[in-house]
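Here is the structure we will look at.
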């Protein structure tokens, strides 16, 4: 059971505050942000919808009024967004929701708040399973609501048969922990010789000690500049080496340790991993050759800490454990990979963040954009004619890229579910929904490409 205190988006203290970068108000549109605020407080934070709104704006966590959950770890580092699972056209994953609540993990549910045709989206934070129902922390205060009143999902939101499997139209999965008390910060003077390195992967941790169990100060974006607090030669000897740590200072003056295998000497360049080779009983290092990426490759994330193996089976040589935050590039054609994602006893050939190729269990990964598995190739719609064609992102975090290549270098930005693009070529509408196809699109500020299988009309 996940425990927190109820907060309300329509509380007079913040109800009329603008939501994100829009003219919409928190009181009318802030249900997701308020549900997340309650979740954060259950994980040890002390926030209000107003403070979360301000902090997420400063971190780029809004697309106008759309809240972008994938930005959360960069503001609240002990929280992890694991993706959104749409279920408007299928039964909600009740067993998975129950398992998460039993483990004390937060789950945010999308429900229909109005009896009109279609889904009028509202987000609530699940509290506990109660018989054939769920009790809720509802972020919208109705008459008679209060901290001690129990709110049941199908009693309040009953416009789709009043059964939890059909009333829930989407699930947002999160993970996290309540951190221990932070250690005392010790500030070291900067070396006389300034040596700069760069974060080579999004979500890199800055920790208080040189260990994955060290207190997590913050998470950092790819490209963040770090000043080394160690001698240049010592740092160079560690770069790219698994198990090594480098003491650094970030642009805000915060100091700590970063994993040496996730940093680089050049901004925008991948980390330069070192692989061990034994020659005449002497250990030397040779750079690992990055695996080639096929056109239209899928970007994946582990659903939990995951084994990275040299062969596609459970007895395959374990190369290392992958954290849930590490992005993986699938090295199989997308039409083959999509049929495997989420399927028991299937394996995927992937490239890890360091460029090394290996295999992961397909039933423990998901699309980095938060989509659920698509087992069948969708049929393309008929070509649309007669003016501009608009398409919408069908999942959270769809990548908008400069070219149809999955890489950090091609990423313009990630957009929220429902974000609208205009097709540059209306005749390309026949590709919408097809695996391994790309669409040239534009929004108000840029022109680029999106994966055709993550958008719809």
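The values are calculated or read from the model by the stated rules, or taken from the named source; none is laboratory data. This structure is a prediction, so every number in the text was calculated from the model and none was measured. A quick note on method: Cβ atoms are made from the backbone with ideal geometry, for glycine too, and the neighbour counts reach across all protein chains shown.
Structure above, values below:
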| read-out | value |
| --- | --- |
| Check on residue 43, in the same structural domain as residue 121 (by TED's automatic domain parsing), modelled with pLDDT under 95, over 25 Å from residue 114 (Cα atoms) and in contact with a strand residue (DSSP E or B) (Cβ under 9 Å, 6 or more places away or on another chain) | yes |
| Residue ID - surrounded by the most Cβ atoms within 10 Å (Cβ to Cβ), chosen from residues in the stretch 113-145 that are part of a loop (DSSP other than H, G, I, E, B) and without any contact (Cβ under 8 Å) to a residue 24 or more places away in the chain | 120 |
| Failed item in (1) surrounded by fewer than 14 Cβ atoms within 10 Å (Cβ to Cβ); (2) closer than 20 Å to residue 146 by Cα; (3) at pLDDT 95 or above, with residue 3 passing the rest | (3) |
| Test: residue in the stretch 203-217 that is in a loop (DSSP other than H, G, I, E, B), under 21 Å from the mean Cα position of the chain (by Cα), under 13 Å from residue 251 (Cα atoms) and not assigned by TED's automatic domain parsing to the domain that holds residue 355 | no |
| In the stretch 188-197, the residues that are buried (at least 18 other Cβ atoms within 10 Å of the Cβ) and part of a strand (DSSP E or B) | 197 |
| Residues of the stretch 166-183 classified as modelled with pLDDT of 90 or more and more than 24 Å from the chain's Cα centre (by Cα), total | 2 |
| Residue tally, condition more than 25 Å from residue 183 (Cα to Cα), in contact (Cβ under 8 Å) with a residue 60 or more places away in the chain and surrounded by 18 or more Cβ atoms within 10 Å (Cβ to Cβ), over the stretch 218-256 | 2 |
| Subset of the stretch 295-317 (residues that are outside any loop (DSSP other than H, G, I, E, B), out of contact with any helix residue (DSSP H, G or I) (no Cβ under 7 Å at 6 or more places or on another chain) and at pLDDT 80 or above) | 300, 301, 307, 308, 309 |
| Selection from the stretch 61-88 of residues that are over 14 Å from the mean Cα position of the chain (by Cα) and outside any strand (DSSP E or B) | 64, 65, 87, 88 |
| Selection within the stretch 439-453 - modelled with pLDDT of 80 or more, within 26 Å of residue 170 (Cβ to Cβ) and crowded, with 20+ Cβ neighbours inside 10 Å | 439, 441, 450, 451, 452 |
| Close pairs (9 angstrom Cβ cut-off, 6 or more residues apart or separate chains): in the same structural domain as residue 213 (by TED's automatic domain parsing) in the stretch 174-194, surrounded by fewer than 10 Cβ atoms within 10 Å (Cβ to Cβ) anywhere | 187/253 |
| Selection count, the stretch 18-39, where residues are without any contact (Cβ under 8 Å) to a residue 40 or more places away in the chain and touching a strand residue (DSSP E or B) at 6+ places or on another chain (Cβ under 7 Å) | 3 |
| Subset tally (residues that are surrounded by 13 or more Cβ atoms within 10 Å (Cβ to Cβ) and either over 15 Å from residue 165 (Cα atoms) or free of Cβ contacts under 8 Å to residues at least 12 places away in the same chain (or both)) for the stretch 97-106 | 4 |
| Test: residue 52 is crowded, with 21+ Cβ neighbours inside 10 Å, in the same structural domain as residue 129 (by TED's automatic domain parsing), without any contact (Cβ under 8 Å) to a residue 40 or more places away in the chain and in contact with a helix residue (DSSP H, G or I) (Cβ under 6 Å, 6 or more places away or on another chain) | yes |
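Every residue, every condition in (1) closer than 24 Å to residue 325 by Cα; (2) outside the structural domain of residue 442 (by TED's automatic domain parsing); (3) at pLDDT 80 or above, yes or no:
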| residue | (1), (2), (3) |
| --- | --- |
| 374 | yes, yes, no |
| 382 | no, yes, no |
| 397 | yes, no, no |
| 400 | yes, no, yes |
| 407 | yes, no, no |
| 410 | yes, no, no |
| 416 | yes, no, no |
| 420 | no, no, yes |
| 425 | no, no, yes |
